[in-house]
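The values are calculated or read from the model by the stated rules, or taken from the named source; none is laboratory data. All values reported here derive from a predicted model rather than from experimental measurement. Virtual Cβ from ideal backbone geometry, glycine too; neighbours counted across all protein chains shown.
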Amino acid sequence: MGLVDSLVHKQLDVTRVNLCNLLNSNVIFYYGPMFFDTPRIFYDSINKIDKKKKALSIILTTSGGAVEPTERTVEIIRTHFQQVNFIVPDYAMSAGTIFCMSGDKILMDEVSSLGPIDPQLQQPDGSLIPALGYLEQLEKMIERSKSGEISIVEIDMLRKLDLGDINRFEQARNLTITLLKKWLVKYKFKDWKIHRSSPKLKGKPVTLKEKEKRAEEIARQLGDVKLWHSHGRHISAKTLDSVLRLEIDNYAFKKELKEAITVYQGIAMDYILKNGYMLFAHGEKNLTIIGR
């Protein structure tokens, strides 16, 4: 390890400890895709943590990935921590958004964003494709075929579609909705006991069925291709709050916390971008780096 690398790692350790103290929480920084090795990376990080602090805060920046390793990662984390918070200083898209929905709290500021939860499936060549986009186009072609408006090109495309792939797309969509319903009700909604916004229900206790219904609405809205128009759409904290009615903890006006997150994130991202890392995970006595 060179002198510059050593100095950066020391800076990361110091700023991470400062953030741990401010949050009264363990902290793991994760930058990169949600892929087959993500559960192992979190497992290794958690095993090196001194668990005197009962909560875990995950500083997350990801363009997404696959649902299955995301589910496994949540299972590992929740085996060790009852309180898990997600901090998104920049963006957490697709599977990253799904990951955040397993948290007790989601912390964002004005420039942070989540994304639609279009699950991505890995192809034989290693590439990832969004499942809901394919299903939406398939449904459009089927509808046009009923009215005789379908083109010869589209008919040829339908003939080439693999029914096994379509089944995989549908299963991925259903798994995403199932996971969000389960996690939102169990974690994010655990302290939602009294209705606050609805004039008709204000002050009344919130039932389990109402929590499940609300969670399914959020899952379906986040997975609605027609609503967001793009797999890469960035959804701000304000939109999550106003459109989806998903409570987001805005840390923008918590000066000390915002500064601590910004400094830690800044050091890490400068180092990542300078070296062109694909994945970078930093925790207590643990550092995982994967190059491009």
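Each row is one residue, and each column tells you yes or no for (1) crowded, with 18+ Cβ neighbours inside 10 Å; (2) of a type in the set (A, V, I, L, M).
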residue	(1), (2)
G64	yes, no
E71	yes, no
T79	no, no
Q82	no, no
F86	yes, no
A92	yes, yes
G96	yes, no
S102	yes, no
D109	yes, no
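Does region 187-203 contain any residue that is part of a loop (DSSP other than H, G, I, E, B) and of a type in the set (F, W, Y)? Within region 187-203, one or more residues are part of a loop (DSSP other than H, G, I, E, B) and of a type in the set (F, W, Y). Taking (1) modelled with pLDDT under 65; (2) assigned to a loop (DSSP other than H, G, I, E, B) in turn, G148 satisfies each apart from (1).
Okay, residues lined up against (1) under 19 Å from A219 (Cα atoms); (2) free of Cβ contacts under 8 Å to residues at least 40 places away in the same chain; (3) under 10 Å from the mean Cα position of the chain (by Cα):
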{"site": "S63", "(1), (2), (3)": "yes, yes, yes"}
{"site": "E71", "(1), (2), (3)": "yes, no, no"}
{"site": "I76", "(1), (2), (3)": "no, yes, no"}
{"site": "Q83", "(1), (2), (3)": "no, no, no"}
{"site": "Y91", "(1), (2), (3)": "yes, no, yes"}
{"site": "A95", "(1), (2), (3)": "yes, no, yes"}
{"site": "I98", "(1), (2), (3)": "yes, no, yes"}
{"site": "K105", "(1), (2), (3)": "yes, no, no"}
{"site": "G115", "(1), (2), (3)": "yes, no, yes"}
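Scanning region 33-87 for residues that are charged (D, E, K, R), under 21 Å from A268 (Cα atoms) and assigned to a loop (DSSP other than H, G, I, E, B) gives D37, K48.
Only one of the listed residues (L227, L240, L244, L257) is in a loop (DSSP other than H, G, I, E, B) and on the phi < 0 side of the Ramachandran plot. That residue is L244.
Scanning region 265-281 for residues that are in contact with a strand residue (DSSP E or B) (Cβ under 8 Å, 6 or more places away or on another chain), within 18 Å of V17 (Cα to Cα) and assigned to a helix (DSSP H, G or I) yields Q265, A268, M269. Selection within region 248-292: residues that are under 23 Å from G115 (Cβ atoms) and without any contact (Cβ under 8 Å) to a residue 12 or more places away in the chain. The member of this set that is surrounded by the most Cβ atoms within 10 Å (Cβ to Cβ) is G266. For region 56-78, the set of residues classified as modelled with pLDDT of 95 or more and either of a type outside the set (V, I, T) or over 18 Å from G115 (Cα atoms) (or both) consists of L56, S57, L60, E71, R72, T73, V74, E75, I76, I77, R78, listed by residue number. Taken over region 235-280, the residue count meeting the criterion of being under 21 Å from S63 (Cα atoms) and among the small types (G, A, S) is 5. Listed by first and then second residue, the pairs with beta-carbon distance under 7 Å, at least 6 apart or on different chains, first residue in region 3-25 and assigned to a helix (DSSP H, G or I), second surrounded by fewer than 16 Cβ atoms within 10 Å (Cβ to Cβ), are H9/L287; T15/V263; L22/E256. Can you tell me which residue is nearest to Y251 (Cα to Cα) among those in region 42-62 that are touching a Ser or Thr at 6+ places or on another chain (Cβ under 9 Å) and crowded, with 21+ Cβ neighbours inside 10 Å? For region 42-62, the residue satisfying everything is S57.
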